[in-house]
Amino acid sequence: MFRIGIVGSDNSHAERFPELTNLPDQPADKHVDGAQVVALFGLDPVRTEQVATKTRIPKIVSDPKEMLGMVDAVMVVFRHGGLHRQYAEPFIKAGIPTFIDKPLAADPADAEAIVELAQRTGTPITSFSTLRYATGVPEFVKGLADIAPVRTTIVTSPADRGSEYGGLVFYAIHASELLLEMIGPGIEEVQAAQYGQNVMAVMGHKSGILCALNLIASGYGFDMMAYGDKGRRKIEVDASTCYREGFKVFLEMLRTGKPPLPYDEMVESVRIIDAVERSLQARKAVKL
């Protein structure tokens with residue numbers, strides 16, 4: 001049984017993950033065996049108490065470092081990716097396997113520093129949008145072989161350039177994560193445009209695939225489309241299963257010590273959204 005600590009209580013994910021482990025009265029399809037969330041840290045005492053009570057987390061700590069020796073792994077889930085590096089680093093330095101919620105960081109330099117520390121210490125870490133593992137997405141990606149070669153792709157996601165949680169990266173990270181799940185890392189150039197509050201980014205992949213991120217400032221929903229020589233495929237992503245399936249992926253890393261995604265892919269996901277923002281500011285194409 002893995003003992004897990006959660007760092008950051010402001011995000012709804014601070015509830016979604018312990019609900020899977022700490023509430024035995026949950027339906028079987030909403031429960032994951034093999035772990036227990038045993039400790040929680042948050043910056044807002046009222047919100048932290050609410051999360052701990054609702055999800056039956058037995059210990060609230062006043063300093064995340066109090067979890068050292070208490071947990072086998074941590075999940076850093078603050079909404080603002082700009083907080084992730086400072087709160088993840090003490091655990092990575094201590095050799096504690098760490099999940100860092102999307103985005104890995106708000107800034108590519110922080111993302112690279114986190115990965116460098118993990119590599120230097122040999123501590124397994126991972127960061128991903130759980131939408132990568134939502135029911136239907138793995139099958140959709142596997143099915144792209146049927147229309148190969150893929151020529152163009154489009155991913156649609158909510159995103160708000162004015163978000164208080166780091167701007168575009170807070171939600172557009174879902175789009176870049178789904179894109180990389182489809183075609184793998186290798187984005188080379190990004191050209192973005194904004195009309196009203198909505199953003200469209202067109203980008204070139206090293207394989208020759210032309211990709212687009214369709215970032216919509218209002219509403220909620222995600223879909224993926226791919227066009228190939230032998231047809232086209234589309235999926236509306238069902239987010240209802242993503243926390244369960246993503247949590248299983250994290251637990252598998254704890255069992256094996258092997259991160260599920262290459263570290264360079266984790267960093268590229270952040271770099272893509274940074275390039276979108278740089279392109280918007282420069283009003284021209286930019287290199288990744």
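Report yes if GLY228 is at positive phi and in contact with a strand residue (DSSP E or B) (Cβ under 9 Å, 6 or more places away or on another chain), otherwise no.
Judged against the criteria, GLY228 is not a match.
For region 194-213, indicate whether the set of residues that are under 28 Å from GLY122 (Cα atoms) and among the β-branched types (Val, Ile, Thr) is non-empty.
No, because not a single residue in region 194-213 is under 28 Å from GLY122 (Cα atoms) and among the β-branched types (Val, Ile, Thr).
Pick from VAL169, VAL141, VAL137: which is touching a Leu at 6+ places or on another chain (Cβ under 8 Å), under 29 Å from ARG232 (Cα atoms), in the same structural domain as ALA212 (by TED's automatic domain parsing) and touching a residue at least 12 places away in the same chain (Cβ under 8 Å)? Break it down into steps so the answer makes sense when it comes.
Numbers: VAL169 fails: touching a Leu at 6+ places or on another chain (Cβ under 8 Å); VAL141 fails: touching a Leu at 6+ places or on another chain (Cβ under 8 Å).
Step by step, each of VAL169, VAL141, VAL137 is checked, and only VAL137 is touching a Leu at 6+ places or on another chain (Cβ under 8 Å), under 29 Å from ARG232 (Cα atoms), in the same structural domain as ALA212 (by TED's automatic domain parsing) and touching a residue at least 12 places away in the same chain (Cβ under 8 Å).
Does GLY34 meet the test of being touching a Gly at 6+ places or on another chain (Cβ under 9 Å) and not aliphatic (A, V, I, L, M)? Spell out the reasoning first.
Numbers: touching a Gly at 6+ places or on another chain (Cβ under 9 Å): no; not aliphatic (A, V, I, L, M): yes.
No: the conditions fail for GLY34.
Would you pick out the residues in region 113-154 that are more than 15 Å from the chain's Cα centre (by Cα), not in a helix (DSSP H, G or I) and not basic (Lys, Arg)?
Across region 113-154, the qualifying residues are GLY122, THR123, PRO124, THR135, GLY136, ALA148, PRO149, VAL150, THR152, THR153, ILE154.
So which of ARG47, ARG3 is among the basic types (Lys, Arg) and part of a strand (DSSP E or B)? Even if it seems obvious, please write down each step before you answer.
Details: ARG47 fails: part of a strand (DSSP E or B).
After applying the criteria, what remains is ARG3.
In region 1-17, how many are in contact (Cβ under 8 Å) with a residue 24 or more places away in the chain and over 13 Å from ALA73 (Cβ atoms)?
Within region 1-17, the subset in contact (Cβ under 8 Å) with a residue 24 or more places away in the chain is 1-11, 13-17.
Subset that is over 13 Å from ALA73 (Cβ atoms): 8-11, 13-16.
Adding up the residues that qualify gives 8.
Only one of (1) assigned to a strand (DSSP E or B); (2) in the same structural domain as SER9 (by TED's automatic domain parsing); (3) of a type in the set (Ser, Thr, Tyr) is not met by TYR87, so which one is it?
Checking TYR87 against (1) assigned to a strand (DSSP E or B); (2) in the same structural domain as SER9 (by TED's automatic domain parsing); (3) of a type in the set (Ser, Thr, Tyr), the one that fails is (1).
In the same structural domain as THR256 (by TED's automatic domain parsing), of a type in the set (A, V, I, L, M, F, W, C), in contact with a His (Cβ under 7 Å, 6 or more places away or on another chain) and not in a loop (DSSP other than H, G, I, E, B), is that true of LEU40? Break it down into steps so the answer makes sense when it comes.
On the way: in the same structural domain as THR256 (by TED's automatic domain parsing): yes; of a type in the set (A, V, I, L, M, F, W, C): yes; in contact with a His (Cβ under 7 Å, 6 or more places away or on another chain): no; not in a loop (DSSP other than H, G, I, E, B): yes.
Answer is no for this residue.
The values are calculated or read from the model by the stated rules, or taken from the named source; none is laboratory data. Here the structure is a predicted model, which means the values were calculated and not measured. As a convention, Cβ positions derive from the backbone with ideal geometry for all residues, glycine included, and neighbour counts pool all protein chains shown.
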